[in-house]
Structure formats: C-alpha cells, structure tokens
Amino acid sequence: MKKIFLFISIVLVGFKVFAQDGTTLHFMRLNPYSNYSSPSSFLPYNGYVGFPAISNINTSLANTGLHYDNVFQENAMGKVTTITLDKMLEKMPKRGGMLNTNLSMNVIDFGFRTKPVFFSFSYRIRMDEYLFFSKDVIGLVAQGNMAYVGADHPAKLDFSLNATVYQEFALGMQVAITPHVYIGVRPKILFGALNINTRNATATLYTNQEDYSLRLQYDLDAYMSSIFPIQWGENSEPGIATDDMMNVVKSAFKNVGAAIDFGATFRLGERWGVSASVLDLGFINWKTNSSHFVGTIDSTCIHYNDGGFVFNGLSNEDIQQIQNNPSEFRDEILSYFPMQNSELKQYTRMLHTRFLVEGYCNVGKYHRFSALFQGRLVGKQFLPSFTVAWNGNFLRIFDLCVNYTIAKDSYANLGLGVGFNLGVFHIYAATDNLLGFCNAKSIQRSLLNVNNANVQLGIVFDWGKIQEKKLNGVWGTKNEE
Amino acid sequence: MKKCLLFMILSFLILGLTSCKDKLFDFDLRNVEAEGEWGIPVFNDKITVENLLNNLDSVSFLHIGSDGTISFVMEKDISNLVSMDKLLQIGDKSFSQSGSVSLNQNKSLDVHLPEICKFSLNDDDVFLKRAVVNWGSMTLMFSFSDLPATYYGTAYTDNIKDADGNPLTININSATTSQDFDLAGYVIQGDEEGNIVFSVDLTITPNPESTLGGNYHYTCVVDVSRLGVQSIVTMLNPMASTIKKSVGVNFSWNNFHIDHMQIYNPKIQILAQNSLCAISGNVNELSFKDTYGTTSSLIPSSVTVTIPVSPYAFVQVMDVNTPQVQFNTTYDSLRLVGDLTVNPGGFAAGDLYLNNNSSLNLQLKATFPANMNIHNAVYNNELDNALFNAITPSQVSEIEKMTLRLAFANNLPLEMMADISFLNTTTSDTTHLVMSENIIHGSFNDQPYHETPIFVEVNGQTAKKIIESDKLLLRFKINTQGNAVELNTSRFIKVAIGAKIKYDHINMNF
C-alpha cells in the first residue's frame with residue numbers, strides 16, 4: 001500500500017512549475033543536449049552518439065500545494081497519524097495546486113557535422129502531464145461549505161488534466177548563417193500513445209447562508225485517446241482490454257502529429273549574445289480509441305433548477321427509499337449526473353509549446369553568465385519562469401553550472417549541473433533544484449516536499465571537439481586552443 | 001585521477017539516492033486536522049392534506065372534488081339482512097286419516113279408495129301454492145285393521161309430481177305397511193284449497209277359506225320429514241323482523257390520532273337490493289361504536305324506510321342529512337338496528353315467488369365532508385435519521401457545536417403546535433428540538449404562512465445524541481378550538497430542517 005502511495009505521489013506529485021526539459025542542461029555548453037532547448041546553439045563537437053536508452057533521461061516533478069509534510073503529520077514512531085488539512089490549505093497558493101510530471105528519454109540519438117551544418121537525429125519517448133486544481137477543492141474539504149456561502153462566494157471546484165505520451169522522431173540542423181547569426185531547426189514527426197485532455201471540468205457549489213440549501217453547477221468536457229484499447233466498467237471506470245494487445249502494436253503509429261523546434265542566436269561581439277527559441281510547436285491528431293466525455297446535470301431531474309442541481313433536504317419519500325432500497329436511491333442520484341461518452345473519429349490537440357529568450361555574457365575563457373526567460377502554454381495557462389545562471393568550462397573537460405530560477409509559486413530553486421568529458425566518454429547529471437535533494441531525512445521526503453524537482457542525466461559519446469572560432473574563423477576567446 | 005574522481009562522485013550519488021531509510025506513507029491515521037463548518041439541509045418536505053389522508057384504510061376512501069374539496073365516503077355492505085329460512089323450509093309434519101270400505105266378496109277384486117289422506121302444508125301466515133323440493137322425504141303408512149285378505153296396489157297423488165309431471169305413486173301391499181319416499185326434485189302443488197290428496201287403487205284377494213263381508217277400517221298416515229325447497233310460490237301474511245347488525249370499521253391512520261372531532265353536515269344513505277318482496281320498517285339506530293362503549297349516532301332519530309323489490313340493482317331507500325357527527329378514530333364497528341315488516345300487504349299483495357337466492361342486501365353509504373372541528377389531533381411521522389446516519393459514531397465526539405434550523409410554512413387554515421425530536425431506538429433516548437409550545441400559525445388565504453425560522457444551538461454532547469439517533473420524529477398537534485375548518489387537498493405544512501455542524505478536527509476510523 002505504501003509503495004502504491006509512493007508511486008502515485010511521485011508520478012502525480014511530480015511535476016514542474018518551470019523545469020520542463022531541464023533548464024540547467026540548457027546552460028551547459030559542453031553537453032550536446034543543451035541544443036535541445038536552444039536549436040540554434042553551437043555544439044562544440046564534430047559528432048556524438050548517445051548511449052542507447054540512457055543517453056538523456058530527464059524527469060521533472062512539480063508540486064505546488066500537496067507537500068508531504070504539509071499533508072501528513074507523523075508521530076515519534078514515524079507513523080502518519082494525522083492528515084493536516086488546515087496546514088495544507090494554509091500553504092497552498094491562492095490560485096490552487098498543480099501536479100505536473102514530465103519524462104523524456106532518448107532511445108536512439110546521434111549527430112554529426114558536415115560544414116557548416118550540424119545534423120542530429122533523435123528518437124525519444126516523452127510524457128507530459130499537468131493536473132491543475134483550484135484551492136477550493138482542498139478548502140471545501142478542510143473548512144466545510146459554510147466557508148463558501150452566498151451567491152457571490154461559491155466553492156469553485158475546478159480541475160484540469162492534460163496528459164500526453166508520445167514518440168518523437170526529430171531531425172535537427174544547426175548552422176551559422178553569418179558569423180553573428182546562428183539558426184537551428186528541428187522538425188519532428190510524432191506518434192501519440194495516450195492523451196487525456198479536459199477542456200472543462202468545473203463544479204461550483206453554492207451554499208445558501210439562510211437555509212443551507214446547496215446548489216451545484218457542474219460541467220465536464222473531456223477527451224481521451226489511447227493506443228491501448230479502453231474498456232469501461234460498470235461504474236464507468238476505465239480499464240485496458242488486455243485481450244486485444246496486438247492492436248496496440250498496430251495502433252502505435254496511427255496518432256500522427258508534427259512539430260518543430262526552431263531558434264536563432266545573435267552574437268553581439270565577443271562577449272554578448274542573445275537567443276530565442278520556440279519548442280514543441282505542433283500537434284497530434286488523435287485517432288485511436290478516441291472518446292469525448294460530456295458530463296452535465298440531467299435537466300429532467302426533480303432537483304434541476306436553472307442549470308444547477310439544487311438540494312434542499314431529503315423528502316419523506318427520499319428517506320423511505322434510502323431505508324428500503326439504498327442502492328436504488330444512490331443510482332437515482334448518480335443518474336442526475338449523466339456522462340455521455342461518444343466515440344470520435346479523431347481530434348487534434350496542440351503540444352505544450354515552450355518559448356525561450358536568453359541573453360548571455362562570456363567572462364574570460366571559462367565563464368558564461370546567462371539570463372533566461374521561458375514560458376510554456378498548457379491549455380489556457382501560461383507558465384513563466386526566469387533563470388540566472390553561471391556556466392564554467394574547465395579544460396574543456398569539466399562542465400559546471402549553477403543557476404537560480406524563480407517561477408510561479410516557486411522561489412527557492414537552486415540548480416546545479418555537472419558534466420565530465422573524458423575523451424569520447426561524456427557523463428553528466430543536472431538538476432534544476434538542488435534543494436529538492438537536501439532534506440535531512442531522505443531524498444524521497446525531500447522530493448515530496450519541494451515545488452520542483454528535476455533530474456537530467458545520461459552518457460553520451462562525443463568526438464571532434466571544435467571551437468566556434470575555428471569553425472567560422474571569426475569568434476573565439478584568445479585562450480581557446 | 002580523473003577516473004577516481006568520477007567514481008567518487010558516482011558513488012556519492014548512488015548512495016545518496018538509495019541509502020536513506022525513511023518510512024513514508026506509513027499510515028496509522030487517527031484524525032484529520034480541519035477546523036470547519038458544514039451546513040446541510042437535512043429534511044425538507046411538504047405534508048399535504050392529500051398525503052395525510054391517503055393513509056386511510058380501505059373501508060374509507062378519499063373523494064376529491066375537481067376544486068380540491070375533500071370528502072370521505074365510507075361504504076359498508078350488509079348482506080342477507082332478512083332470513084327466509086322460515087319460508088324455504090317445511091318442518092316435520094304428520095297427517096293421519098282413517099276410513100272404511102264395504103267389501104262382500106270371496107274372490108279377488110279391485111278397489112279404488114279416493115282421498116284416503118288429505119292434508120295441507122300451509123299455516124295461518126303462509127299459503128303455499130307451489131314448492132320445488134330440494135331435499136327431504138315422506139313416509140306413507142297404509143293398513144287395514146282386520147281385513148282377512150292380502151292386497152297390493154298403489155297410493156298416488158296429483159299434488160306431488162316429478163320433474164316430468166308424473167304424479168307421485170307409491171306401491172303398497174299387505175305385507176309392507178310403511179313406504180319411505182325421497183321427495184328431492186318433486187314439485188308440490190296443492191289443490192285450490194292448498195290440500196294434498198292421496199288416493200289408493202288396490203287388488204284385494206281374500207284369504208283361503210275366508211269370505212269378505214262387511215265394513216273394513218283402514219288408516220293412512222303421512223309423515224313429512226323436514227323439507228328444504230328451492231323455490232316457492234306462496235301468499236304471505238305480513239311478517240315482522242327485528243334486525244341488529246354490526247360490521248367492522250377501521251379508522252386507524254398510520255400516523256394520525258384524533259381525540260375526537262365533529263364533522264359537520266354528513267350525508268347518510270342506505271341503498272337496498274331486494275329480491276324478496278316489499279319491505280317496510282324503521283331504522284332506529286345507525287351508529288359508530290368502539291370497544292370502550294363510546295357511540296356516535298349517524299342519524300338524528302328513527303327513520304322510516306320502504307324497500308321496494310329490486311332484485312338486480314341497489315336503490316336508495318334512505319337519505320338523511322345530519323347536522324353533525326362526533327368522530328373518533330377509535331371507532332371499530334358500525335351498528336344498524338331496526339324493525340322491518342316483510343310483505344306488509346299480506347295475502348292481498350298476491351303471490352310471492354321466493355327461492356334460496358332471495359335476499360335483502362343493504363349498502364350503507366356515509367359521506368363526510370372535510371368540514372370539521374378538531375380536538376387534539378396529533379400527526380406523528382417517524383422517519384429514518386438518514387443524513388445524520390452518514391456520520392460515524394467515532395466522528396461525533398469531535399463536533400464542537402451544532403446549530404439546527406427549523407422552518408415551517410403553513411398553508412393549512414389552522415394553528416398547530418410542533419414537536420420535532422430525534423429518537424434513539426436502542427436507548428429510547430429522545431432529544432426534543434422544539435416543544436409543543438411552539439405555535440405554527442395558520443394561513444387564511446392561499447399563501448402559506450412562513451414562521452420565522454427557529455435556530456436551536458446544541459453543544460457537542462447533545463449533538464452527539466442527535467446524530468446517534470436513528471429516527472427523526474415530526475409531531476404536530478392540531479386543535480381548532482371549537483371552530484369549524486374546511487380542508488382542501490392543496491393545503492399543506494412544509495417542514496425544513498437544516499443543520500450546521502462545527503468541528504475542530506475529525507476522528508478517522510481506519
């Protein structure tokens with residue numbers, strides 16, 4: 001049971017406010033994968049090949065609102081004895097909570113240079129999930145409905161879930177079109193595996209201060225598609241039909257999409273430079289097992305009034321029914337909230353597009369200071385963050401980055417990245433929030449108590465170290481060899 | 001050196017990620033820290049007059065006019081009010097007749113003896129003209145006192161015939177003096193004077209060495225055993241009959257008790273289905289009665305009734321309007337007392353045809369308008385404490401304060417007093433929210449009167465008792481204080497109960 005909790009927590013609790021594909025790696029100039037968040041950035045190699053499956057593993061977790069120590073209280077024996085709803089509510093941001101997880105794993109990737117273009121290819125598995133919920137969801141449970149009385153102060157129970165799992169085949173090109181302007185582009189073909197997308201999942205509960213009568217307005221509009229055949233249980237709970245797994249393989253390439261990353265870097269002299277990128281601008285057309293769910297309140301039910309479900313109290317007849325046939329009463333209440341599930345031929349959803357703007361300053365031969373503003377569109381929400389970073393390259397072997405990021409509801413994010421390049425062997429690890437691993441008791445506890453936790457690591461083989469100035473004959477520090 | 005540094009860093013990372021033993025999600029949940037307050041509408045329902053009256057049992061039923069006016073119509077049947085057994089049964093009778101015959105012969109001869117026995121089944125009140133026998137028998141005994149001869153022959157009568165019209169014939173002889181005969185299926189039809197006449201034809205053979213000479217005496221005895229007849233045609237003198245009949249009634253309502261009340265202007269009717277003959281008489285008493293001896297008369301005085309022959313349909317024979325009737329839900333019987341005269345026209349009324357299906361059936365119909373003066377009527381409704389029952393006992397102790405809100409909207413044209421309470425059937429502990437001194441005002445127009453809501457604040461201990469109760473009791477006491485009120489089905493009283501529960505933490509019962 002504990003393992004299940006742990007798993008669910010790590011999967012759901014995860015998720016980031018800002019980290020996305022790993023901000024720290026973006027600043028590590030010796031790492032071939034820094035190019036992923038800035039397609040136009042210079043790669044100082046003639047080629048690289050990622051170690052299959054472990055060349056670039058990136059997982060990010062973000063959790064604003066449901067920190068373990070805010071939710072649970074332990075006794076001296078370490079047993080969780082109390083759920084601290086009051087504390088959880090107090091610590092939760094006004095705008096509500098977000099649980100986000102992001103996983104990216106390179107299966108195969110490689111790159112090579114043919115002057116003046118650097119080509120790269122990657123095949124990645126990616127998962128992207130965002131769950132937003134309003135603060136009133138916790139507030140209603142913790143404080144009761146009398147904290148939300150009156151027509152102008154309802155409890156707004158809003159949810160939003162956007163989750164996508166897909167395969168990505170990308171072909172990247174980076175080129176210096178002038179000594180001062182680099183551009184990069186990475187077109188991608190995508191094959192979706194799973195999508196859950198709620199356009200609307202809101203419930204608004206009004207409580208009448210005078211007689212405590214309740215009025216619930218509810219609206220659900222959601223889409224789902226999966227290469228796994230989904231079957232619905234008696235209570236409309238989803239499950240996977242395991243007897244038809246051959247279709248999974250056939251369906252793996254049916255949800256086709258396309259996307260593009262592109263960017264440009266402008267070098268302003270030897271020290272300064274700016275860059276801008278757009279990542280994951282694209283879509284997936286979902287076709288396999290696509291469903292559209294619409295949940296409303298049955299307008300013919302006796303409790304329906306002006307678009308809402310109104311409960312004024314149990315009637316004599318209700319009580320008799322509860323006494324004589326409680327299951328029938330329950331079914332009747334559930335029937336007031338019908339869920340219509342219609343199969344769709346297809347539907348299209350955009351990816352969570354990311355925008356980056358960066359300025360940097362090189363100091364001496366080893367050091368670079370950067371400032372990065374980035375944001376991601378998730379449905380109707382824009383999630384911005386701002387990062388300042390220092391990157392030091394020592395002897396072109398040791399790649400170190402320290403950065404600080406501020407984002408929505410997350411202010412203490414100290415990032416650290418370390419990379420070693422020993423010949424062709426290149427190993428690296430980076431995190432956007434070092435504090436996420438610094439809890440006195442354990443790393444697991446730490447991960448469950450920070451707004452943001454992120455790890456990106458891998459092993460890659462690269463060769464042919466090259467300096468920018470040698471490549472284009474224009475730019476390079478004096479000490480570069 | 002580089003490899004050594006790399007090894008150290010990797011080792012540090014692996015150890016850091018795997019060596020910490022920190023038990024997470026190790027649950028032994030006891031409580032939830034949450035300081036909150038929930039407001040719940042517990043009960044909300046309209047108790048209409050129609051709902052209330054639909055609890056009446058089958059002996060009475062509700063009649064609702066198109067304008068919503070209410071009346072109760074009670075119908076009770078009384079079957080076979082007058083017994084016809086006396087006419088459809090003929091008791092044991094014995095008739096004897098003697099005679100003599102002059103015989104002078106020394107050889108066989110045939111003799112006809114007319115009217116050897118002549119008798120009548122009638123009495124002073126009944127002149128039987130025709131009867132179809134259903135069951136019963138007759139014994140005929142014929143003998144000579146000192147006749148020196150043997151004989152045989154038949155006794156017969158034209159007044160008793162079988163279904164084919166053949167006269168009853170009985171074989172007689174000198175060896176057997178008594179003959180039994182089953183009369184079932186025979187038709188008895190007397191002569192003009194109502195008599196049944198037997199005659200005998202004999203063949204007499206003197207005994208050897210004997211000579212017949214002189215008068216010989218004979219005796220004929222007819223014994224009629226008790227006869228049952230299917231039908232009769234008869235003339236009948238007026239026949240008096242006293243009737244005393246009681247039929248059960250049941251006014252017990254599931255949730256309603258009335259000490260007593262006056263119902264104004266009830267209408268009492270008697271309908272009759274009569275396949276006997278004309279009947280007249282008096283209904284001296286028609287009243288409700290209970291086991292305590294309390295009675296209430298539905299008619300103000302004795303009523304004369306004339307009941308015509310109407311074998312196929314009920315016709316009204318009495319229609320009385322009574323100014324007022326006392327009514328009590330404890331009444332359990334309806335009593336009818338009267339004296340009747342069957343066929344008051346007597347023989348002059350002519351022949352009557354009666355059979356064993358002939359009967360006098362009455363239908364009593366009482367229509368009570370809902371125009372009444374009620375004394376201490378109490379409506380009780382016991383409901384499951386359904387919503388509170390969702391709270392587990394372990395959580396109850398954490399309730400800091402509970403406020404119950406009671407709201408009444410009364411559309412009935414009468415004041416009433418409310419008593420709302422919670423009952424724990426296990427401990428018989430009752431917690432009253434409001435007592436009977438809380439008056440709910442009546443409405444004298446179409447709009448319900450909304451009482452100002454009553455807020456009852458209870459502490460944690462009382463809240464615990466309420467939540468642990470399994471029944472919610474609604475009790476309303478009605479007293480019109482001598483005033484007549486007229487009820488309409490659309491009238492109602494609305495009760496709304498809400499609860500506001502404040503807690504500072506919640507016990508978990510994992």
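Results, tabulated for the structure shown:
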| item | result |
| --- | --- |
| Residue satisfying all of: in segment B:457-474; surrounded by fewer than 18 Cβ atoms within 10 Å (Cβ to Cβ) and assigned to a strand (DSSP E or B); farthest from the chain's Cα centre (by Cα) among these | B:Asn459 |
| Selection from segment A:99-134 of residues that are surrounded by 21 or more Cβ atoms within 10 Å (Cβ to Cβ) and not in a strand (DSSP E or B) | A:Ser134 |
| Among the candidates B:Ile160, B:Ile90, B:Ile78, B:Ile70, residue that is surrounded by 17 or more Cβ atoms within 10 Å (Cβ to Cβ), among the aliphatic types (A, V, I, L, M), in contact with a Leu (Cβ under 9 Å, 6 or more places away or on another chain) and within 30 Å of B:Phe492 (Cα to Cα) | B:Ile70 |
| Scope segment B:205-254; condition of a type in the set (D, E, K, R) and in contact (Cβ under 8 Å) with a residue 60 or more places away in the chain; matching residues | B:Asp223, B:Arg226, B:Lys244, B:Lys245 |
| Some residue of segment B:254-262 being under 30 Å from B:Asn380 (Cβ atoms) and of a type in the set (D, E, K, R) | yes |
| Positions within segment B:399-418 being at pLDDT below 90, surrounded by 20 or more Cβ atoms within 10 Å (Cβ to Cβ) and not aliphatic (A, V, I, L, M), in sequence order | B:Asn411 |
| Some residue of segment B:434-448 being at pLDDT 90 or above, under 25 Å from B:Leu52 (Cα atoms) and touching a Leu at 6+ places or on another chain (Cβ under 7 Å) | no |
| Test: residue in segment A:321-342 that is within 11 Å of chain B (Cβ to nearest Cβ), surrounded by 12 or more Cβ atoms within 10 Å (Cβ to Cβ) and of a type in the set (A, V, I, L, M) | yes |
| Restricting segment B:29-54 to residues that are part of a strand (DSSP E or B) and more than 7 Å from chain A (Cβ to nearest Cβ), the residue that is nearest to B:Ile506 (Cα to Cα) | B:Lys46 |
| Failed item in (1) part of a strand (DSSP E or B); (2) crowded, with 16+ Cβ neighbours inside 10 Å, with A:Asp221 passing the rest | (2) |
| Within segment A:421-455, considering residues that are within 13 Å of chain B (Cβ to nearest Cβ) and closer than 18 Å to A:Trp390 by Cβ, the one modelled with the lowest pLDDT | A:Leu434 |
| Residue under evaluation B:Asp182, criteria (1) loosely packed, with under 13 Cβ neighbours inside 10 Å; (2) at pLDDT below 90, criterion not met | (2) |
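The values are calculated or read from the model by the stated rules, or taken from the named source; none is laboratory data. All values derive from a computational prediction rather than experimental measurement. When we count neighbours, we look across all protein chains shown, and the Cβ atoms used for this are built from the backbone with ideal geometry, even at glycine.
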